[in-house]
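Notes follow the structure.
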Amino acid sequence: MSSSTKKVVLWSKTGCHFCGEVKAFLTERNQPFENIEVQGNDVLRDVLEAKYGIRHVPVIEVGGDGKFEALLEPDLEKLAELLARADEAAAV
């Protein structure tokens, strides 16, 4: 996976404190991300439940080329590690 194909997807909702922290973390690091707003759209929560067995946000997916790893908790240290692993994989 090259760094140009690394993709970050944030599942969030308006008013979610932890979601805001993750957005700020990614923005401060100039890491582009796609935000999927789940508020008012239960179908998207159904997708989270089908994929990960949860309906809460934030959920952060990092990957590319059809392979993603998800972080199901708002732990910024773990997110930094996940982003670093994706960068290392891109360098290989």
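The values are calculated or read from the model by the stated rules, or taken from the named source; none is laboratory data. This structure is a prediction, so every number in the text was calculated from the model and none was measured. Glycine gets a Cβ as well: all are built from the backbone with ideal geometry, and neighbour counts include every protein chain shown. Side chains are part of the model used for accessible areas, which takes the heavy atoms of the whole protein and leaves out ligands, DNA and RNA. Shrake-Rupley method; radii C 1.70, N 1.55, O 1.52, S 1.80 Å.
Values for this structure:
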read-out	value
The range 4-24 - residue that is of a type in the set (Lys, Arg) and more than 18 Å from residue 48 (Cα to Cα) and, of those, farthest from the chain's Cα centre (by Cα)	6
Strands (runs of 3 or more DSSP E) fully within the chain counting 3 or more residues that are touching a Gly at 6+ places or on another chain (Cβ under 9 Å) and open to solvent by less than 60 Å² (accessible area, probe 1.4 Å)	7-12
